[in-house]
Amino acid sequence: MKYRNLRRQLRARLTANRVLAVPGVYDALSARQVERAGFEAVHAGSYSFASSLALPDVGMLTMTEICEKVSGIASAVSIPVIADAENGFFNPAAIGRAVRCFEQAGASAIHIEDHLSGKHTSEPRRVVPLDEAVQKIRAALAAREDPDFMIIARTDIAWVTRSVADAVARMKAFIAAGADAVMPTGLTLEQLREVRQHVSAHVVIVNSNGDSLESEQAAGASIVIYHSFCVNAANFGIQQALQRFSATHRIGSLGGAMSSLEEIEDLVGYDEYNRHLQRYAPPSRSPEARDSADLTPPRNAGR
């Protein structure tokens, strides 16, 4: 029920005349931080997942690995998760397996791309033929069990041909196939404005040029994904803290560069666990044992 409600929530949010900013996360803890900061959705993508494993995002992660990460993230937050389903992992006849995997993991939406190679590597830039890409979207839509689970059709063809017209043609074909939204990459904001003259569906973009959210909304974006936001922030913070500690050899010198254990424990739910511990203490315990269980131990005791 939670995930069905979140999917409806995401769809309703898209009807508002306000762009949705979606930071990328790499695990459940970073997702909870995004939620605490007041954002209305998180993005769970292969780039951040691969980076968190010290791997390049070149297709090394399996569908099962990504779905397991998405499941942990979705269970940790109460906001929609937009997940990266790569190219669907399978051909059109088998793509239903991926759709079910992400749907059961608790995602509210997935994006499926037409990319073949060249995204993060020196390989030639290639996309699948349009008819195959369209059939994947049709098969994905037919496979979902929850009609509110969104299928976003991503096209990277503008990276390959540098043609806005090619991107428009693919997006129109995806919309005709029933895609809930389209996701062009490799376009400038000026090109996005041109696209919006021909495409009326919701448009999802990836912030890759540092453009402001206001300018992206003005260009016609419905959702802006900041795919590496949390992994970039975490890497920078860890790097800075380690450099300072290496220079001083005094943990106390880090000051505000690190979260306290209290902040982490609040984020992961120690207080909630202790409330459950007191509420559900076995009734067979002696009064003395129950009394001692009611005493909340001091923070960081025994660490």
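Kindly express, to the nearest 10 degrees and within the range 0 to 90, the angle between helix 63-76's C-alpha long axis and the longest C-alpha principal axis of the chain.
Tilt of helix 63-76: around 50 degrees.
What residue among Asp211, Asp57, Asp114 shows peak mean-square fluctuation when the chain is described by a Gaussian network model with Cα springs under 10 Å?
Per the Cα network of the chain with a 10 Å cutoff, Asp211 tops the list.
Run the Debye formula on the Cα coordinates of the stretch 135-249, all scatterers equal and no solvent, and tell me log10 I(q)/I(0) at q = 0.17, 0.20, 0.22 1/Å.
Each listed q corresponds, in turn, to -0.84, -1.05, -1.19.
If amide hydrogens are placed 1.01 Å from N in the peptide plane, which non-local residues have theirs closer than 5 Å to the one on Val206?
Ile225
For the pair Asn235 and Asn5, what calculated FRET efficiency results from E = 1/(1 + (r/R0)^6), where r is the Cβ-Cβ distance and R0 = 41 Å, to the nearest 0.05? Don't skip to the answer; put the middle values down first.
Values: r = 34 Å, r/R0 = 0.82.
Efficiency, from the Cβ-Cβ distance: 0.75.
If you average the sequence gap of Cα pairs under 8 Å that are 6 or more apart and divide by the length of the chain, what percent do you get for the contact order? Intermediate values should be presented prior to the final figure.
On the way: 485 pairs, mean separation 52.0, N = 303.
So the answer I get is 17 percent.
Using the Cα atoms of the stretch 50-177 to build a convex hull, what is its mean projected area in square nanometres? It would help to have the intermediate numbers written out before the result.
Numbers: hull surface 32.5 nm².
That works out to 8.1 nm², a quarter of the Cα hull's surface.
Suppose only helical runs count, i.e. DSSP H with n ≥ 4. What mean residue ellipticity at 222 nm does that imply for the chain under -39500 (n - 2.57) per run, divided by all residues and rounded to the nearest 500 deg cm²/dmol? Walk me through the numbers on the way to the answer.
Numbers: 14 runs with 146 residues, N = 303.
The per-residue figure over the chain is -14500 deg cm²/dmol.
Roughly how big is the chain's charge dipole about its Cα centre, with Cβ charges of +1 (Lys, Arg) and -1 (Asp, Glu), in debye to the nearest 20? Present the calculation step by step, with values, prior to reporting the outcome.
Details: 32 positive and 34 negative charges, 57 e Å.
With Lys and Arg at +1 and Asp and Glu at -1, about 280 debye.
Taking the C-alpha atoms of the chain, how large are the radius of gyration and the largest Cα-Cα span, Dmax, in Å?
That works out to 22.3, 76 Å for Rg and Dmax.
A short reminder: the numbers here are calculations on the coordinates, not readings from a lab. Only a predicted model underlies this, so the values are computations on that prediction, with no experimental measurement involved. Note that we place each Cβ from the backbone using ideal geometry, even for glycine, and neighbour counts take in every protein chain shown.
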